[in-house]
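Engineer: I'd like to ask some things about the structure below.
The values are calculated or read from the model by the stated rules, or taken from the named source; none is laboratory data. Remember, it's a predicted structure, so these values are computed and weren't measured experimentally. When we count neighbours, we look across all protein chains shown, and the Cβ atoms used for this are built from the backbone with ideal geometry, even at glycine.
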Amino acid sequence: MKRIFWNSVIVVASLLPASGYAQAIDCNSGVDGEWIAGDQISSNAISFMDTGPVDLNIVVPANGSHVALFEVEGTDSFRIEAISEYGDTVLELRNENGLRIAEDDDSGGNGNARIETILDPGIYCVVTTGYDGTALEGQVRVGMQSQEPLSTDTSSPYCDTMTSAVALADGAVDAMLSDGITVTGSVDEAPYYRFTLETAMPISLSARNEDADPVLYLFGPDGTLIMENDDYDGLDSRIDISYPLDAGDYCVGLRALNDTSLPITVNIFAYDEAAIMAEMYDRAEAAPPMDGTYPITDLGPLGARLRNDVTLQGVTSWFSIDVEASGLLVLEGIAVGDSDPYLVLFDDVGRELARNDDSGMGYDSLIATKVFPGTYLVGVTEASGGGTGTVRLVVERYVPAE
């Protein structure tokens, strides 16, 4: 066991959270949420439905995020935006359990992010990051779709008629969604598709071709926007509707941010929350459960030092380690060959403690954080996502000198 001497520093921490912060709610982001209007009561959508949208100035650190909270009491149509004069904002909307509702990068125009969706009652987290982990200062707005937008982009499609949209199937699609429906075409050929639900049911849609950089939209029977997404998985897009959509006719809209002539594959399929969570574990966006339902390699009690070579298979490899005494935990992801390691660290209940891509001048990753006795989850993956190769995982524990 290694020992180090820490300089004597007196830290005085308040027992109560700072004004505006809700330390018990982080939506599995690892960052304490801040009520967008200063407190929970003022951040209830009822309070700004009549008075107008609520804005919050934010600071996002490098490789970090900002989390703004708001509460919804009745189902309604919302617009969530993040802008920055000198940065490229990325938005995630999550429920309080950490399940991602929607994500967007550039739908607000000029590098600004915008999400428009229908939300049911609950507490929601607006997670803002900088593209590629860059630091930024900006502004977040939560309001109704009927209110003034913060961003200026007006290029979102509007499906005002079903007659010009290409049918995804003859008749209702309900019975086909377990296997899924797939069509491929360019935005120039087919900017809109339509489908019919005979019964109320939750659904998922995706649009894939990173070279085209698709943006995906879902419109309701009256032509109004239900949800949009840009860059869910890399540059591909996806929409997950976790609540049952009413029976009726729906329209799918497409944009291509790079090239409108390139083919885009559109899928519509049955919503599967377990599959969505498994994909989040695969991409190191959330910690998997430790109940045996997802593969986690137990590395056992951590002594002074542990080394393990990880062969990447296109998804995150997860490991658990047991820390028996408080101290400093140092993790390194060292590239073996051409790999670009990416590390993430969670505690045993799924709270994110740290993540890192490139440390120093190279592509190796480094995490150093203070820990207490307990079990921790380490995710090892490739920075570009889906990559293969070998990463040497080195874990060391330091304890303060007595």
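Engineer: Being modelled with pLDDT of 90 or more, surrounded by fewer than 13 Cβ atoms within 10 Å (Cβ to Cβ) and assigned to a strand (DSSP E or B), is that true of even one residue in the stretch 67-79?
Structural biologist: no
Engineer: Give the residues of the stretch 107-147 that are under 22 Å from ILE25 (Cα atoms) and β-branched (Val, Ile, Thr), sorted by residue number.
Structural biologist: ILE115, THR117, ILE118, ILE123, VAL126, VAL127, THR128, THR129, VAL140, VAL142
Engineer: Could you pull out the residue among GLY350, GLY292 that is surrounded by 16 or more Cβ atoms within 10 Å (Cβ to Cβ), within 25 Å of the chain's Cα centre (by Cα), within 30 Å of ILE276 (Cα to Cα) and not acidic (Asp, Glu)?
Structural biologist: Selected residue: GLY350, the only one of GLY350, GLY292 that is surrounded by 16 or more Cβ atoms within 10 Å (Cβ to Cβ), within 25 Å of the chain's Cα centre (by Cα), within 30 Å of ILE276 (Cα to Cα) and not acidic (Asp, Glu).
Engineer: Can you name every one of the strands (runs of 3 or more DSSP E) wholly within the stretch 232-333 that holds 2 or more residues which are polar (S, T, N, Q)?
Structural biologist: Because the criterion is at least 2 residues that are polar (S, T, N, Q), the strands (runs of 3 or more DSSP E) in the stretch 232-333 that meet it are 237-245, 264-270, 305-313, 317-323.
Engineer: Could you tell me whether LEU119 is closer than 22 Å to ILE276 by Cβ, surrounded by fewer than 20 Cβ atoms within 10 Å (Cβ to Cβ), outside the structural domain of PRO221 (by TED's automatic domain parsing) and touching a helix residue (DSSP H, G or I) at 6+ places or on another chain (Cβ under 9 Å)?
Structural biologist: Spelling it out, it is not the case that LEU119 is closer than 22 Å to ILE276 by Cβ, surrounded by fewer than 20 Cβ atoms within 10 Å (Cβ to Cβ), outside the structural domain of PRO221 (by TED's automatic domain parsing) and touching a helix residue (DSSP H, G or I) at 6+ places or on another chain (Cβ under 9 Å).
Engineer: Which of the residues belonging to the stretch 334-380 are part of a strand (DSSP E or B) and basic (Lys, Arg)?
Structural biologist: ARG355, LYS370 - these are the residues of the stretch 334-380 that are part of a strand (DSSP E or B) and basic (Lys, Arg).
Engineer: Follow-up. For the stretch 107-128, give me each residue that is over 14 Å from the mean Cα position of the chain (by Cα) and among the hydrophobic types (A, V, I, L, M, F, W, C).
Structural biologist: ILE118, LEU119, ILE123 - these are the residues of the stretch 107-128 that are over 14 Å from the mean Cα position of the chain (by Cα) and among the hydrophobic types (A, V, I, L, M, F, W, C).
Residues are listed down the side, and each one gets a yes or a no for (1) over 23 Å from THR375 (Cα atoms); (2) in contact (Cβ under 8 Å) with a residue 60 or more places away in the chain; (3) within 21 Å of the chain's Cα centre (by Cα); (4) not assigned by TED's automatic domain parsing to the domain that holds SER186:
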position	(1), (2), (3), (4)
LEU216	yes, no, yes, no
TYR243	yes, yes, yes, no
ASN258	yes, no, no, no
ILE276	yes, yes, yes, yes
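Engineer: Contact list please: Cβ distance under 6 Å, first residue in the stretch 186-205 and under 12 Å from SER164 (Cβ atoms), second residue at pLDDT below 95 and part of a loop (DSSP other than H, G, I, E, B), pairs at least six apart or on different chains.
Structural biologist: TYR192/CYS159; TYR192/ALA165; TYR193/ALA165; ARG194/MET162; ARG194/ALA165
For (1) surrounded by 19 or more Cβ atoms within 10 Å (Cβ to Cβ); (2) touching a residue at least 60 places away in the same chain (Cβ under 8 Å), each residue gets a yes or a no:
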| position | (1), (2) |
| --- | --- |
| ALA354 | no, yes |
| LYS370 | no, no |
| VAL378 | yes, yes |
| GLU382 | yes, yes |
| THR388 | no, yes |
| LEU393 | yes, yes |
| ARG397 | yes, yes |
